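The values are calculated or read from the model by the stated rules, or taken from the named source; none is laboratory data. All values reported here derive from a predicted model rather than from experimental measurement. Please note: Cβ atoms are built from the backbone with ideal geometry, for glycine as well, and neighbour counts cover all protein chains shown.
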Amino acid sequence: MTTLIREIYEALKAAGVPEDKAASAAEAVAPKGEVATKTDMADLRTDFAALRTEFEVLRTDFANLRTEFEALRTDFAVLRGEVNTLKWMVGFNLAISVALLWKLFAP
C-alpha cells in the first residue's frame with residue numbers, strides 16, 4: 001500500500017469501518033492512472049532526448065539563416081552603392097544632353 005492509501009485505510013478503521021471495507025474503500029479512492037511508471041519515464045526521457053536533438057538542429061538552421069541574412073545585407077549595401085553611382089551617371093548624362101541640345105537649338 002502507498003502512503004495515501006494507508007492513511008485513508010487507517011482513518012476509516014479509526015472511524016469504525018470494518019477492516020475489509022476500509023481496505024477496499026482506500027484502494028478505490030487511490031489514483032490509478034495518474035502515477036507514472038518506469039516505462040512512462042523512460043519514454044519521456046527518450047522523447048526529451050529527441051526534442052533536444054531537434055532543437056539543436058533548429059539552432060543550427062537559425063545560425064545558418066543569420067549568416068545568410070548578413071550576407072544579403074552586405075550584398076544589398078553593395079547594390080545600393082552601385083545604384084547611387086548609376087543615378088549620378090544618368091544625371092550627369094542628362095545634364096550634358098540638355099546642355100548640348102540647348103546649345104544646338106537655342107536662338
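A few notes on this one:
- Remark: Thr39 falls outside the filter, which requires a residue to be surrounded by 10 or more Cβ atoms within 10 Å (Cβ to Cβ), in a helix (DSSP H, G or I) and among the β-branched types (Val, Ile, Thr).
- Ala22 vs. criteria aliphatic (A, V, I, L, M) and at pLDDT 85 or above: no
- Sole exception among (1) at pLDDT below 95; (2) assigned to a helix (DSSP H, G or I); (3) over 22 Å from the mean Cα position of the chain (by Cα) for Pro107, by number: (2)
- Residue that is without any contact (Cβ under 8 Å) to a residue 60 or more places away in the chain, β-branched (Val, Ile, Thr) and not in a helix (DSSP H, G or I), where the choices are Val17, Val90, Val83, Val57: Val17
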